[in-house]
Amino acid sequence: MLGLGSLGVFLAYVMSIIAGALCVVYGLKNWNIPSDSEVEKEVSEEIEWEKRDPENEGGLF
Amino acid sequence: MNILLITIVTLIYLIITAFLGYLGWRNTSNATDFLLAGRKTHPFVMAVSYGSTFISTSAIIGFGGAAAVFGMGILWLTFLNIAIGIFIAFVIFGKRTRKMGHNLDAHTFPELIGKRFDSRLLQSASGLMIFIAMPLYAGSVILGGAQFISQTLSISYEAALFSFVTIVAIYVIMGGLKGVLYTDAFQGVIMFVGMFILLVATYYILGGVIDSHRALTNLAPEAVKIWGKMGHTGWTSMPETGSVFWWQLVSTIVLGVGIGVLAQPQLAVRFMTVKSDRELNRGVLIGGVFILMMTGVAFVVGALSNVYFFNHPAFGKISILAVEKKVDNIIPLFINTAMPQWFTALFMVTMLAAAMSTLSAQFHTMGSAFGRDFLEQGINIKTRSTVLTTKLAMGVAIIISTFLAYFLPRFFEQGSAIIAIGTSIFFGLCAATFLPLYFGGLFFKRITKTGALAGFFSGLLAASFWIIFVHTKEAAPLGICKALFGVPTLAGQSTLQFVDPIVIALPVSVIITVVVSIFSKSPDSKHVEKCFAGL
């Protein structure tokens, strides 16, 4: 068990590494999801929405 | 320690930080830029910023020191940090938060939940709670950062505190969230490199992964000798179930911080800074590896420091005895004695980066909570613009936090102890007040405004009661229970005094939110459709 004294701690050690590895796998698998066209559609919607946003009055110091 | 080397490295680091803060300022032209970094943040920047905000100096030095006491069982917290704090936070909460935030034109976390439940009261009460409770959390980060700087650079604590706060304040107030995110990403990279080297060097010094673990396992009798009666069984095994050590490890450290992270306003707002779910998917990869390298390394190194100090001829004892029971000194002492000088300089900058990245987000969140959510949207006090109101509120929040970190330990006997518990108080309050209504608001159309408000206030009440009157860790230094009832905790000698507020207050808040929602009027269907459009 990697020199560790109990199953509880061994699992904590291994599960932490597995959790990190699963994040890598998930990230790679979904790297291009949603696709470019869907993202562009959402961004263009947002640009339209930003133009109408009353909050964007500027006015920094 | 080579002061000249550390000073040069620190100066280079500060110059780069200042330049990135300037970039944030130059690229900020409106309220959306200032509050949400223009909603077009790069996934790497967002994920590393999330991680570096998540991890403060105390997460590495304080919890690393705790690992030297509790042992490697604390790695369950690393598992939860990644599984909940990254994966569930990004994939389950993050995507919905981004979309709903966009649907509702929300610029802050309190604004998101306020608009979701169509309640100005909820938004302003949340903003006020953040503004009241967060300065103590920020105060603990300031205190930890300033103490570390003053010790390492051999300057006075006052000089360290005020220069540290001033630098962060300038780039947050001028650069807004863009300044925060750019500097966070740079600071996160330094933290990653520093912790990676620390891990490899520690295992190398102690003879490899398995041999060093085995050496720590063989030290178990030393732990049992000191803490055996409280349930300690050694640094590579879990404490006895139900013992004092077990409760402290499982409830306070693992549950308190592991789950509490989901409802942190300064973290949740980051999901609204990206333009699509794709950035969140990519962020999972970066965030998962980053957190593993932060808490995982701090906990492993903290626990293994026992082997190093025990076998070192100058010490010949375990970590806690080597530092005369000052837990926060364990990691710095290990770095100073076990690592080469150049690494001490790198580690100094790593810790500075960890403190600054957390503090910058706190300043930004307190300012936006008080300025936009409470003053502007809650009680309708406005200035020339949202950005100006937020900047003024940030100034007030920074002064209060600095005041707490500077004066509380000087003029109040329990001051230092109160600041030290600031993080756990804030995490406990956020989990109890925000988590049920945030989760309910994102996933269930049937959760009502009345249910959300009832859940918020019952969670606030239950968590505050437990913090002030029952949980000794907070109740004793606060002293309110002692002043009113003559005892440090109402729990007496029972194990209830070790049970974290989240274990009590979160279920109370969940039950009240659900029950009140069932028996109150259904929300307006048009509003609900608007919230959930595209979800």
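Below are the figures for this structure:
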| item | result |
| --- | --- |
| ³J(HN,Hα), Karplus 6.51/-1.76/1.60, whole Hz, each residue of the stretch B:521-533, x for Gly, Pro | 5, 4, x, 4, 5, 5, 5, 4, 4, 5, 4, 9, 4 |
| Local electrostatic count at B:Thr489 - Lys and Arg +1, Asp and Glu -1, tallied over other residues with Cβ under 15 Å | 0 |
| The stretch B:140-156 - phi-based ³J(HN,Hα) in whole Hz, Karplus 6.51/-1.76/1.60, Gly and Pro as x | 5, 5, 4, 4, x, x, 5, 4, 5, 5, 5, 5, 6, 8, 6, 10, 5 |
| Above-threshold pairs, the threshold being 28 Å between Cα atoms, out of B:Lys325/B:Lys473; B:Lys178/B:Lys473; B:Lys229/B:Lys473 | B:Lys178/B:Lys473 |
| Ranking of B:Tyr171, B:Tyr204 by count of other Cβ atoms within 10 Å, fewest first | B:Tyr204, B:Tyr171 |
| Rounded to whole Hz, the Karplus (6.51, -1.76, 1.60) HN-Hα couplings of the stretch A:27-38, x for glycine and proline | x, 5, 5, 10, 4, 10, 10, x, 5, 3, 5, 5 |
| Residues B:Asp328, B:Asp105 arranged by fewest to most Cβ contacts within 10 Å | B:Asp105, B:Asp328 |
| Per-residue Cβ neighbour rank within 10 angstrom, fewest leading, B:Glu529, B:Glu240 | B:Glu529, B:Glu240 |
| Loop-located trypsin sites (Lys or Arg not before Pro) in the stretch B:479-535, at most 14 other Cβ atoms within 10 Å (DSSP) | B:Lys521 |
| Listed residue (B:Ala476, B:Ile398, B:Val9) projecting farthest to the positive dipole end of chain B, Cβ model | B:Ile398 |
| Ranked by how many other beta carbons lie within 10 Å on average, peptides B:290-299, B:113-122 from highest | B:290-299, B:113-122 |
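Bear in mind these aren't lab numbers, they're just calculated from the coordinates by the rules spelled out. Here the structure is a predicted model, which means the values were calculated and not measured. Don't worry about glycine lacking a Cβ; one is built from the backbone with ideal geometry, like all the others, and counts go over all protein chains shown.
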